[in-house]
1. Those residues that are among the aliphatic types (A, V, I, L, M), in contact with a helix residue (DSSP H, G or I) (Cβ under 8 Å, 6 or more places away or on another chain) and open to solvent by 30 Å² or more (accessible area, probe 1.4 Å), I need them from region 133-183; list them, please.
2. With the structure loaded, tell me whether LEU262 is among the hydrophobic types (A, V, I, L, M, F, W, C) and under 14 Å from the mean Cα position of the chain (by Cα) or whether it fails that test.
3. Out of the residues in region 34-71 meeting the condition of being in a strand (DSSP E or B) and among the polar types (S, T, N, Q), tell me which one is surrounded by the fewest Cβ atoms within 10 Å (Cβ to Cβ).
4. Output the number of the condition that SER132 fails; it satisfies all remaining conditions of (1) more than 21 Å from LEU87 (Cβ to Cβ); (2) out of contact with any Cys (no Cβ under 8 Å at 6 or more places or on another chain); (3) hydroxyl-bearing (Ser, Thr, Tyr).
5. With the structure loaded, tell me whether ALA83 is closer than 30 Å to LEU257 by Cβ, at pLDDT 95 or above and open to solvent by less than 10 Å² (accessible area, probe 1.4 Å) or whether it fails that test.
6. Can LEU262 be described as out of contact with any Gly (no Cβ under 6 Å at 6 or more places or on another chain) and aliphatic (A, V, I, L, M)?
7. Filter region 184-229 for residues that are in contact with a Pro (Cβ under 8 Å, 6 or more places away or on another chain), open to solvent by 40 Å² or more (accessible area, probe 1.4 Å) and part of a loop (DSSP other than H, G, I, E, B); which is farthest from GLY248 (Cα to Cα)?
8. May I ask you to list the residues in region 245-281 that are buried (at least 18 other Cβ atoms within 10 Å of the Cβ), out of contact with any helix residue (DSSP H, G or I) (no Cβ under 8 Å at 6 or more places or on another chain) and more than 25 Å from GLY68 (Cβ to Cβ)?
Amino acid sequence: MKRPVHLVVLSCSLLFLLVFSAEGASALTPPLQAADAAVRAGQFQAITSIVIARKDQLVFEAYYDPEGREALRNTRSATKSVAGMLLGLAIADGHVASVKASVLEHLPRQAEHGRREPRKAAISFEDLITMSGPLECNDWNEWSRGNEERMYLVEDWVGFFWELPMRGFPAWATAPKDSPHGRAFSYCTAGVSTVGAALSAAVREPLAQYAQRRLFEPLGITAAQWQFMAAVPQQQPAGPPIPQAGGGLGLRSLDLLKLGQLYRDGGRWQGRQLMPAAWVAASLSPQARMEDGTDYGYLFWGHQFQVGERRIRSWAMNGAGGNTVQIIPELDAVIVITSSNYQVRNAPKLTMDLLAKHLLPALLAN
């Protein structure tokens, strides 16, 4: 039985929407035909949507599950990039002094950690949004004290983070001073969850409300489904629930596309400078080296794709299961791929193969 497909393509020359069923996809260009057929054939497992915009025009929109266009897609850690956007806005609004500001300054209930260990008091927002903080926290190491799966077992995620020990750098590990950009990368969801808690305190209104007012509403995003950190009963007054900045935000595929377009255009949206241009530029610049060929900005991933003779660079919002929002400046394009491949081995590679073998060649061919 074929999986349901809802396909919409915007024809720039005809200036109206053509709606296709799975059988009617033959109106697509041959490269996009091949991509659509490969996804429908299950070559990339449970891809749920693909949306592509180029030069401010929607050129491809397809849904491969029954929920379709209005579904709020849980893109997991792509939420982290939204947290970076909110930090940039909070700095612009004067709620946070700068990206170099101490995180603990905005978390008075955790201040004792800084008094006991001055190096914790010095941890900045920049340390955490570049995944290069000094605490022992590594989601990609099952033995790490700060692995996010351990965090989810306790009620106080922020306390969990500040109780972590300082990282060690034995002879076989590269210390920050010897690392590219002077930062030793270590992927840490607990750190970004803590950034969300600090922002919640800094902006003086519920963070979900701040996000809606300062980011989503100007973009025309009307539905956002946050996951929230558990309330900590002993901390009174409890205050409003704090969104989990490290993952789980649900947005429509078209709304994810808007976030990508906002950053592709240097923070401008419909003629308005919504995000500070300097913040966007810093976010989409190498701040830490993940591995050869992959850099990290301010909660954005920097990728390279080899497409034939050409090397294409992108910056991306990435989440578990191969979910991604790819910003490709040299092609003036944004590609959204959502997926429910959460338990699929090497799911991110499936998405990267879909991009490198099908979608990027399709853009280059047109």
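1. Filtering region 133-183 down to residues among the aliphatic types (A, V, I, L, M) leaves 135, 151, 153-154, 158, 164, 166, 171, 173, 175.
Filter again for in contact with a helix residue (DSSP H, G or I) (Cβ under 8 Å, 6 or more places away or on another chain), leaving 135, 151, 154, 158, 164, 166.
Those that are among the aliphatic types (A, V, I, L, M), in contact with a helix residue (DSSP H, G or I) (Cβ under 8 Å, 6 or more places away or on another chain) and open to solvent by 30 Å² or more (accessible area, probe 1.4 Å): VAL154, MET166.
2. Details: among the hydrophobic types (A, V, I, L, M, F, W, C): yes; under 14 Å from the mean Cα position of the chain (by Cα): yes.
Considered against the rule, which asks whether it is among the hydrophobic types (A, V, I, L, M, F, W, C) and under 14 Å from the mean Cα position of the chain (by Cα), LEU262 comes out as yes.
3. Our first condition is that a residue be in a strand (DSSP E or B); within region 34-71, this holds for 47-54, 57-63.
Filter once more, keeping what is among the polar types (S, T, N, Q): 48-49, 57.
Numbers: THR48: 23, SER49: 25, GLN57: 12.
It comes out as GLN57.
4. Tallying (1) more than 21 Å from LEU87 (Cβ to Cβ); (2) out of contact with any Cys (no Cβ under 8 Å at 6 or more places or on another chain); (3) hydroxyl-bearing (Ser, Thr, Tyr), SER132 fails exactly one: (1).
5. When the stated conditions are applied, ALA83 passes them.
6. Yes: the conditions hold for LEU262.
7. PRO206
8. ASP265
The values are calculated or read from the model by the stated rules, or taken from the named source; none is laboratory data. As the structure is a computational prediction, the values presented were derived from the model and not from experiment. For neighbour counting, all protein chains shown are included, and Cβ atoms are generated from backbone atoms with ideal geometry for every residue, glycine included. With ligands, DNA and RNA removed, areas are computed over all heavy atoms of the protein, side chains included. Shrake-Rupley method; radii C 1.70, N 1.55, O 1.52, S 1.80 Å.
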